[in-house]
Structure formats: structure tokens, C-alpha cells
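Read through the structure below, which is laid out as C-alpha cells, and then see the notes.
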Amino acid sequence: SRFFFFFPGKCGSCGPGYASPLDAMEGPREEIIYVPCIYRNTGKKIPDFLATVDVDPKSPCYSQVIHRLPMPNVGDELHHSGWNVCSSCFGDPGRKRNRLVLPSLISSRIYIVDVGTEPRAPRLFKVVNPEDVFWKCDLGYPHTSHCLGSGEVMISTLGDPAGNGKGGFILLDAETFEVKGTWERGDEVPPMGYDFWYQPRHNVLISTEWGIPKVLGYGFDPNDLGKGRYGRRLNVWDWSTHRYIQAIDVGEDSAPLEIRFLHNPNASEGFVGCTISSAIHRFYKTECGNWAAEKVIQVPSKKVEGWILPEMPGFITDILISLDDRLLYFSNWIHGDVRQYDISDTRRPRLVGQVFLGGSITKGGPVRVCEDEELESQPEPLVIQGKKVAGGPQMLQLSLDGKRLYVTTSLYSAWDRQFYPELIREGAVMLQLDVDTERGGLSVNPKFLVDFGKEPGGPCLAHEMRYPGGDCTSDIWV
């Protein structure tokens with residue numbers, strides 16, 4: 001399917017997605033978004049569910065949940081999702097992007113959801129039981145799902161079935177969704193796992209590390225720092241041999257999370273967001289053929305009173321890159337802001353947009369900022385349609401044309417409960433920001449609010465977002 005990248009535009013018998021990232025930017029406007037909603041750690045013993053949200057401003061149900069698909073089990077912790085096939089299969093008319101792959105971070109179940117029969121009312125297609133993952137892969141705590149051009153689905157994991165750290169990958173057949181085994185080969189594997197991205201043209205896959213699952217499960221304990229319990233490496237794999245070949249150290253307890261190559265499949269660079277160290281690193285292929293990283297953005301900590309530590313990091317929890325590789329976005333979940341950077345010069349990102357959407361330093365809250373390198377005063381709380389936004393900006397998803405940025409406020413239920421107990425009481429929200437793609441700039445759309453505090457089952461925690469037609473974080477062009 002890689003050859004279709006060179007022939008953008010319509011073709012007689014195309015497969016799913018788009019021929020190129022720039023073609024995708026010309027795709028239709030999003031009308032619905034799928035959002036996993038979590039009840040684990042909220043005190044409610046009911047299943048997580050997949051929400052379908054109407055995002056069509058011409059619809060009478062605009063910014064409302066129009067369908068809920070409850071899972072058959074309690075305590076899964078739905079988290080991230082992916083597709084059975086994506087734009088890497090554009091040239092194959094026999095493929096359809098009609099199944100959403102929905103791993104459960106805690107139970108290690110993998111749900112396969114049929115979104116093709118009725119996109120506005122998804123239905124459960126198959127459940128991959130955790131025992132299959134444990135026995136066939138010796139892995140658990142699945143996180144990121146990407147489809148491969150080979151007709152397989154690949155899912156990264158945080159650890160082994162016992163909750164120890166272990167960076168590995170589950171392979172599923174993309175039609176039957178049977179567990180085929182692990183992707184990795186050889187005896188050496190990273191000590192932890194989390195997210196990943198691959199670029200076949202450079203024969204590389206790079207994965208990241210969050211932390212040891214049985215440590216993360218109970219919340220964030222500052223006493224775990226300095227003990228090797230949080231990630232510090234970008235892990236480089238040979239794409240063709242499936243072997244772990246290199247570790248790039250980005251700092252003790254940095255916890256590198258979301259990793260994004262540039263979308264252009266010829267590009268040999270990208271960016272990764274480090275949560276605890278609140279830094280963005282650019283990673284790149286060197287002249288020698290190996291890989292390296294350099295810090296290009298540092299969000300300064302704020303000296304505070306009334307928080308768990310005397311210095312408050314920004315806590316970068318999600319990043320994404322626009323499909324034309326011009327703009328980088330990331331969220332500071334603790335500070336409360338979303339930032340937009342011009343990355344025309346990838347080594348020198350330039351801040352061009354910023355907006356505060358809640359967070360831990362808003363006026364009137366328990367935290368007093370004593371020293372701040374960036375702000376002259378603490379930001380005002382965000383009130384939209386009469387609701388004060390609880391928590392801070394977390395997961396991001398950009399429209400294909402780059403003009404609308406969607407934001408949800410839940411990170412992970414155990415950490416939500418610890419850092420933002422009001423999220424448990426009041427539920428997460430989903431917001432939409434209008435994006436100035438020419439001069440730079442972000443502004444809240446006052447007409448858009450999805451209040452997950454008003455769900456029939458009670459307030460819940462909304463996490464990642466996916467469009468039926470693919471998006472900036474799930475499509476990889478090969």
C-alpha cells in the first residue's frame with residue numbers, strides 16, 4: 001500500500017483512509033467522535049462505556065452524547081483505542097475501517113467494537129479475554145493500538161501479567177482478532193512500555209515508558225521517584241527484525257508518554273512529551289544511522305503552597321502534530337493550559353497559542369503560586385455554559401483540517417481521584433477550541449460542552465477521542 005502515498009487524489013478502487021496526510025486534511029468535517037468513559041475508581045460499580053458524541057454544529061444534538069455502549073464487565077479502565085485498519089491500507093479496496101480496538105488498561109481485556117454497521121450506534125463485536133493475552137504473550141496492561149499494513153493489529157503494553165514493568169507488543173489478527181502472540185523477537189526487552197509509533201521507511205519503531213503498573217495502580221507517590229519506578233527511555237526497535245536495538249535516555253523519572261513522528265512518512269524525526277519532567281524532546285535519526293533526542297521545550301515548574309510538592313510541574317500528558325506537520329499541541333494537565341507551537345523549524349519550536357482550561361493553579365483554589373516564571377497572576381477558572389470545569393486539559397484530538405481541537409479532562413482514574421477529586425464528584429468534560437492555523441492562537445468555543453457529570457449512570461471520566469474516518473494520532477502512512 002505504500003506506493004499509493006505518491007498518488008494523492010481519488011482512485012478507482014481505494015481502501016480506507018487517505019492516500020497522504022495532506023489528502024486527509026481535505027477530508028470531510030468530523031460529525032461524530034467516540035469517547036471511552038470510565039467508572040473505575042469513582043465509587044460506582046458499573047461498567048465503563050463507549051460514548052458517541054455528536055460534533056456536527058448543524059445537528060440538533062450538537063455536543064451531546066447520542067449513544068452509549070456499556071462493556072460487559074466492571075473495572076476495565078478503558079483508555080486508548082485504535083483501528084482494525086488505517087490509511088496504511090489505503091491501496092487495498094478489500095479492507096474496511098469498521099472495527100474499533102479498545103484495550104482495557106487494568107483488566108487487560110481487549111474489546112472489539114463494530115462501528116461499521118451503524119457508526120452512530122456502535123455494538124460489541126468481540127471480547128479478547130485477558131487469559132489469552134497472559135498465556136500467549138506473557139504481557140498485560142495494554143495501552144496503544146495501531147493497525148499494520150500486514151493485516152494485523154499491534155498493541156503496546158505496560159508490563160507483565162503480575163504488574164511488573166515490561167515493554168512488549170501484542171499482535172492480533174485484524175479480521176478474526178485472535179491473539180497471534182508477540183511482535184518482538186529476541187531476549188532483550190525494555191523494562192517498561194507505554195506508547196509507540198513506527199516508520200517503515202526508516203525501518204524503525206520507537207516506544208516510550210510510563211512506569212511500573214503495580215506502582216501506578218494506586219496513584220502518584222513522590223516517594224517512588226528516584227527508585228527506577230518511572231520511565232526514562234525512548235526504546236528503539238528494528239522494524240524488520242522486531243528486535244530491541246537502542247535506548248535513548250531522556251532523564252530519570254521523566255516518564256515519556258505520547259510519541260509522534262511527523263506525519264510525512266519520509267520524515268526521520270518527531271516529538272515526545274515527558275510528563276513528570278514537563279519537557280518536549282525532539283527525536284531524530286543521526287548521520288550515523290542510529291537515533292538521538294534533544295530537549296526543545298521545557299515548561300518551568302511553579303513554586304507553590306498547598307500542593308503535594310513545593311514545586312508544581314506542568315505535567316505534559318498528551319501531544320499531537322497537525323497533519324501538515326506545521327503545528328504541535330500539548331496539554332499541561334496540572335498547570336491547566338493547552339499550548340500550540342509552530343514547528344516549521346523542528347529544532348526551535350515557537351509558542352504561538354495558549355489557553356487555560358482549569359488546572360490546579362486557578363484563582364480561588366487551594367494552591368497559592370509563590371513564584372512563576374511565565375504568569376503574572378493565577379488564571380481564572382474556566383466557566384462554560386454555567387459549569388466550572390473540574391480537572392485540567394488532558395487528551396487532545398485535532399480535526400483533519402486542523403481548525404478544531406477537542407479536549408477531555410481525565411488522565412487515569414487513580415490519578416484523577418488523587419489530583420482532582422472534584423472530577424470524581426462532577427465528572428469530566430469535553431471542550432472544543434477554535435484554532436487559528438495562520439497566525440497561531442487558541443480560543444474556547446462557548447457553544448460546545450459535553451458534560452459527563454450528567455450521565456445516566458452518574459458522573460464519569462472521559463478520556464481519548466476518535467473519529468470514524470481516522471485522525472491525527474491513529475493514522476500512520478507507510
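The values are calculated or read from the model by the stated rules, or taken from the named source; none is laboratory data. In this text, all values refer to a predicted model and were calculated from it rather than measured experimentally. Every residue, glycine as well, gets a Cβ built from its backbone with ideal geometry; the counts of neighbours run over all protein chains shown. What goes into the accessible areas is simple: the full protein's heavy atoms, side chains included, and nothing from ligands, DNA or RNA. Shrake-Rupley method; radii C 1.70, N 1.55, O 1.52, S 1.80 Å.
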query: Taking Cα pairs under 8 Å and at least six residues apart, what relative contact order does the chain come out at, in percent?
result: 13
- request: Sequence neighbours fewer than 8 away in the same chain don't count; with that in mind, list the lysines whose C-alpha is under 28 Å from K136.
  value: K96, K126, K166, K180, K214
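How large is the helix-only mean residue ellipticity at 222 nm for the chain, computed as the sum of -39500 (n - 2.57) over DSSP H runs with n ≥ 4, divided by its residue count, in deg cm²/dmol to the nearest 500?
After summing the helix terms and dividing by residue count, I get -1500 deg cm²/dmol.
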- request: Using a Förster distance of 30 angstrom, determine the FRET efficiency expected from the C-beta separation of K387 and D249, and round it to 0.05.
  value: 0.10
query: Taking the structure as given and computing Kirkwood radius over Cα pairs in Å, which label from [x] 27.1; [y] 22.1; [z] 24.8 fits?
result: [y]
query: Per residue, how much accessible area does the range 363-440 have with a 1.4 Å probe, in Å²?
result: 42
statement: For the range 163-294, the dipole about the Cα centre with charges only on Cβ (Lys and Arg +1, Asp and Glu -1), to the nearest 20 debye, works out at 60
- request: Give me the percent of the accessible area of the chain that comes from carbon and sulfur atoms, probe 1.4 Å, all protein chains in place.
  value: 48
query: When only the heavy atoms of the protein chains count and the probe is 1.4 Å, how do D249, D475, D401 rank by accessible area, highest first?
result: D249, D401, D475
- request: Could you provide, to the nearest whole Å², the per residue accessible area of the range 290-362 with probe 1.4 Å?
  value: 32
- request: Select from L323, P190, S410 the residue farthest towards the positive end of the dipole of the range 35-462; place +1 on Cβ of Lys and Arg, -1 on Cβ of Asp and Glu, and compute about the Cα centre.
  value: S410
All lysines inside 21 Å of K285 as judged from Cα atoms, apart from same-chain residues fewer than 8 positions distant: K295
query: Excluding same-chain residues fewer than 8 positions from K388, which aspartates and glutamates have a Cα within less than 16 Å of its Cα?
result: D337, E380, E422, E426, D451
Separation of the K363 and Y218 label points, Cα + 7 Å toward Cβ, nm: 4.0
- prompt: Cα centroids of the range 449-478 and the range 389-407: how far apart, whole angstrom?
  reply: 10
Inter-probe distance in nm under a simple model that places probes 7 Å from Cα toward Cβ, at D238 and Y62: 5.5
Check: the chain dipole with +1 on Lys, Arg Cβ and -1 on Asp, Glu Cβ, in debye: 620
query: Based on the Cβ-Cβ distance of Q354 and E131, what FRET efficiency does E = 1/(1 + (r/R0)^6) give at R0 = 41 Å, to the nearest 0.05?
result: 0.30
- request: Quickly work out the D324-to-E422 label distance, labels modelled 7 Å from Cα along the C-beta direction, and quote it in nm with one decimal.
  value: 3.8
- prompt: Stretched out fully, how many nm does the piece from E438 to T346 gain, at 0.36 nm a residue minus the Cα gap?
  reply: 31.4 nm
- prompt: Accessible surface of C61 in the full protein assembly, 1.4 angstrom probe, to the nearest 10 Å²?
  reply: 50
